[in-house]
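Remarks on the structure that follows.
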Amino acid sequence: MVILRREWLGLSIAILFAVSAQLSIWGFAITPGSVPRSLAWLGLVVAGVVWAGAQWLGYARAQSVFSADSEEGLRLLCEQADIAVEQGRFSKAHDLLTIALRINDEDIEIQSRRARVLMLLGQFAESAQIWERVLVMNPDKELRREAIEAIEKMPRDANPNIGTLIR
């Protein structure tokens, strides 16, 4: 879940799994007489259901991110965002790119498009954070060069930490 940027859900699932598995282990192996057998079985069932549910959530998320339909949807959202930028509707472009990032927040091209739009909106601090993420995530020389140039052109008062990765 952490990989899918669902940290709190992942933490909740891990805690529920740990508590129920510990109850089951305690009831079956450590001190069988101190925990009622039905409670030990309940812990085992809950741990199994939580584990299976977490596996299903991870699989479902991976399927949605890597399916052909989501790739087509991402392409269409990016095209609509490009049209909105050409028309000067930067807020609309930002909204479209935010939707695209909900589908796949690891897409480096969408990240860089969003950083460009945020610069056009004058939101330099957020744009700088995204450009620095692009630098970390992307080995592509063209996007790296664009990210470095964009960061260097930003006003220093927008974010005092701008450019820490390029120095």
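Summary table
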item	result
Failed item in (1) within 30 Å of I13 (Cα to Cα); (2) in a helix (DSSP H, G or I); (3) modelled with pLDDT under 85, with D157 passing the rest	(1)
Which numbered condition G88 fails, given (1) loosely packed, with under 13 Cβ neighbours inside 10 Å; (2) assigned by TED's automatic domain parsing to the domain that holds A14	(2)
Selection status of I151, under 20 Å from L77 (Cα atoms) and either modelled with pLDDT under 90 or surrounded by fewer than 16 Cβ atoms within 10 Å (Cβ to Cβ) (or both)	no
Flag for V65 being part of a helix (DSSP H, G or I), at pLDDT 95 or above and not small (G, A, S)	no
Residue in segment 123-132 that is outside any helix (DSSP H, G or I), within 30 Å of A60 (Cα to Cα) and of a type in the set (S, T, N, Q) present	no
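Each row is one residue, and each column tells you yes or no for (1) in the same structural domain as E142 (by TED's automatic domain parsing); (2) over 21 Å from L9 (Cβ atoms); (3) surrounded by 11 or more Cβ atoms within 10 Å (Cβ to Cβ); (4) touching a Ser or Thr at 6+ places or on another chain (Cβ under 7 Å).
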site	(1), (2), (3), (4)
V35	no, yes, yes, no
A54	no, no, yes, no
R61	no, no, yes, no
L74	yes, yes, yes, no
A115	yes, yes, yes, yes
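The values are calculated or read from the model by the stated rules, or taken from the named source; none is laboratory data. The shown structure was predicted, so the numbers you read here are calculated from the model rather than taken from an experiment. Glycine also receives a Cβ, built like all others from the backbone with ideal geometry; neighbour counts cover every protein chain displayed.
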